[in-house]
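Accompanying notes for the structure given below.
The values are calculated or read from the model by the stated rules, or taken from the named source; none is laboratory data. Nothing here was measured: the structure is a model prediction, and the numbers come from that model. Virtual Cβ from ideal backbone geometry, glycine too; neighbours counted across all protein chains shown. Surface areas here come from the heavy atoms of the whole protein model, side chains and all, with no ligands, DNA or RNA. Shrake-Rupley method; radii C 1.70, N 1.55, O 1.52, S 1.80 Å.
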Amino acid sequence: MVQQTNFSDLPEDLVMEIFSRLPVKCLLQFKCVSKNWYVLIENPIFIQKHLHNTNNPTSYFVHHYFLDTMKSGFTLFHHEQNQIVSKSHLYQDVLNTSTHLWEILGPLNGLFLLYNDQEDVALWNPSTKEFKPLPISQPLNSPSFRLCSYKFGFGIDPSSGDYKVVWMRDYWDVYSEEWYSPTIISVYTLSTNSWRNFEEFNVSSRNMTKSSGNTYLNGFYYWRACQNDKIFAFDMSNDKIVEIQTPKSFIAKQGDLSLFNDFIAMYIYEPIIVGRETCIDIWVMDKEGYWANKVRTGPFLNIKRSLGYGNNGEIFLEVVTWQLDIFDPCLKKNTVLGHQRNGYSLQAFAYKESLVSLKKGIHL
């Protein structure tokens, strides 16, 4: 006679291994089943094991603008029976403000940073539906100053494991009709839920461009210079910025900064012209200031623009028919994500579900 084993009698390490392969939605429900399961699922070690389990699938997270509602929202696509299907529409109006068009940075361990031109800033975990508006940060209150340029960064301080948000701001003085100097840098720390402000005379947000996807790596957040002649690296440990030169060949071309196989990478291409083939070269920074051309992708025809990049080199492309494609350079395969018939896509990301909590603020 075969003896039956109760699930509750299984060793904890085996239960942890089984649970680490399950979707976040199931795990959130399991927290209500027993105290032991609740403690296990809340354990930071388990949260990291679940996050980095290679068996958990990668989904695709697309940020849209809808013309009928004049609001932006999100769609999550996932793999189902060898097809990519739309799983759900998420938070069409996450930020309840007068402006409904905002931008998004990430993902970092399943978390996104959201912000808009009304100076609203928030952190968001779509998997757990945790949403955390950040406290207001207004370092300059003079009526003569207008915020005219800003850049954000989102990363982890490796010395403390704390999540940080970097906000670089440049102001125009309407009375003197010139830029206010210095640049104001504000750094938010999740565990203290507070901002720290300081001044920077050597770097300006006006000389930077927003990264295409997550550009946090090993304690640094990176931005690309507008002229492609260098990148800027913000050290999350000491709040210092350094400049890193790029190859001179980058300057005459278009480029996007992102990650590729856990390296900082520049995706370099000629200006996109509809009807002309476009190739994208992926250059990685092997070490500070040393770049190598790793992969050439394409040629692509009738693309309008790139919308983002995944860590494994996935390239999200919008074509002239408003179709959104994803190209895998390893498999040399192009897959259609869908058509945006009532609006247009703003950004696209490769995304893995996460249990990381915005209440604790510490990454292990």
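Provide a single number: the residues in segment 202-226 that are in contact with a Ser or Thr (Cβ under 7 Å, 6 or more places away or on another chain), modelled with pLDDT under 90 and not polar (S, T, N, Q).
First pass over segment 202-226, keeping only residues in contact with a Ser or Thr (Cβ under 7 Å, 6 or more places away or on another chain): 203-206, 211-213, 215, 219, 221-224, 226.
The next check asks that each one be modelled with pLDDT under 90; those that pass are 211-213.
Filter once more, keeping what is not polar (S, T, N, Q): 213.
Qualifying residue count, segment 202-226: 1.
Over 23 Å from residue 73 (Cβ atoms) and not in a loop (DSSP other than H, G, I, E, B): is that true of residue 312 in this structure?
Details: over 23 Å from residue 73 (Cβ atoms): yes; not in a loop (DSSP other than H, G, I, E, B): no.
No.
Please list, ordered by first then second residue, the pairs with beta carbon atoms under 8 Å, 6 or more apart or interchain, first in segment 199-224 and free of Cβ contacts under 8 Å to residues at least 24 places away in the same chain, second open to solvent by 30 Å² or more (accessible area, probe 1.4 Å) and part of a strand (DSSP E or B).
none
Taking residue 50 as the residue in question, decide whether it is crowded, with 19+ Cβ neighbours inside 10 Å, at pLDDT 85 or above and within 23 Å of residue 105 (Cβ to Cβ).
Against the criterion (crowded, with 19+ Cβ neighbours inside 10 Å, at pLDDT 85 or above and within 23 Å of residue 105 (Cβ to Cβ)), residue 50 qualifies.
Please verify whether residue 175 is of a type in the set (Phe, Trp, Tyr) and either surrounded by 13 or more Cβ atoms within 10 Å (Cβ to Cβ) or part of a strand (DSSP E or B) (or both), treating the condition exactly as stated.
Judged against the criteria, residue 175 is not a match.
Of all residues being open to solvent by 60 Å² or more (accessible area, probe 1.4 Å) and either touching a His at 6+ places or on another chain (Cβ under 6 Å) or of a type in the set (Phe, Trp, Tyr) (or both) in segment 322-346, which is farthest from residue 22 (Cα to Cα)? Just the residue, please.
Taking segment 322-346 first, the residues open to solvent by 60 Å² or more (accessible area, probe 1.4 Å) are 322, 330-334, 336, 339, 341-342, 344.
Next, from what is left, pick out any that are either touching a His at 6+ places or on another chain (Cβ under 6 Å) or of a type in the set (Phe, Trp, Tyr) (or both): 322, 344.
Working: 322: 34, 344: 33 Å.
In this case the residue turns out to be 322.
If you check residue 349 against the conditions, is it open to solvent by 20 Å² or more (accessible area, probe 1.4 Å), of a type in the set (Phe, Trp, Tyr), out of contact with any Ser or Thr (no Cβ under 8 Å at 6 or more places or on another chain) and closer than 26 Å to residue 79 by Cβ? Steps first, please.
Working: open to solvent by 20 Å² or more (accessible area, probe 1.4 Å): no; of a type in the set (Phe, Trp, Tyr): yes; out of contact with any Ser or Thr (no Cβ under 8 Å at 6 or more places or on another chain): yes; closer than 26 Å to residue 79 by Cβ: yes.
No, not satisfied.
Considering only strands (runs of 3 or more DSSP E) fully contained in segment 220-297, which possess at least 1 residues that are open to solvent by 70 Å² or more (accessible area, probe 1.4 Å) and of a type in the set (Lys, Arg)?
Of the strands (runs of 3 or more DSSP E) lying wholly inside segment 220-297, those with at least 1 residues that are open to solvent by 70 Å² or more (accessible area, probe 1.4 Å) and of a type in the set (Lys, Arg) span 240-245, 278-287.
I'm trying to understand the selection: among the residues of segment 53-83, which are modelled with pLDDT under 80, out of contact with any Gly (no Cβ under 8 Å at 6 or more places or on another chain) and buried (at least 16 other Cβ atoms within 10 Å of the Cβ)?
71, 72, 73, 78
For segment 138-155, give me each residue that is touching a residue at least 60 places away in the same chain (Cβ under 8 Å) and open to solvent by less than 10 Å² (accessible area, probe 1.4 Å). Before the answer, list the steps.
So the first thing to find is which residues in segment 138-155 are touching a residue at least 60 places away in the same chain (Cβ under 8 Å), and the list is 151, 153-155.
Once the filter is applied, which keeps residues that are touching a residue at least 60 places away in the same chain (Cβ under 8 Å) and open to solvent by less than 10 Å² (accessible area, probe 1.4 Å), segment 138-155 yields 153, 154, 155.
Listed residues 337, 301, 257, 331; which is within 23 Å of residue 60 (Cα to Cα) and in contact (Cβ under 8 Å) with a residue 60 or more places away in the chain? Give the derivation first.
Working: 301 fails: in contact (Cβ under 8 Å) with a residue 60 or more places away in the chain; 257 fails: in contact (Cβ under 8 Å) with a residue 60 or more places away in the chain; 331 fails: in contact (Cβ under 8 Å) with a residue 60 or more places away in the chain.
So the residue among 337, 301, 257, 331 that is within 23 Å of residue 60 (Cα to Cα) and in contact (Cβ under 8 Å) with a residue 60 or more places away in the chain is 337.
Take segment 23-42 and flag every residue that is of a type outside the set (Gly, Ala, Ser), outside any helix (DSSP H, G or I) and touching a residue at least 24 places away in the same chain (Cβ under 8 Å). Let's see the steps before the verdict.
The initial filter retains those residues of segment 23-42 that are of a type outside the set (Gly, Ala, Ser), namely 23-33, 35-42.
The next check asks that each one be outside any helix (DSSP H, G or I); those that pass are 23, 31-33.
Passing the criteria: only 23.
Could you tell me whether segment 311-321 includes any residue that is open to solvent by 60 Å² or more (accessible area, probe 1.4 Å) and among the charged types (D, E, K, R)?
No - not one qualifying residue is present in segment 311-321.
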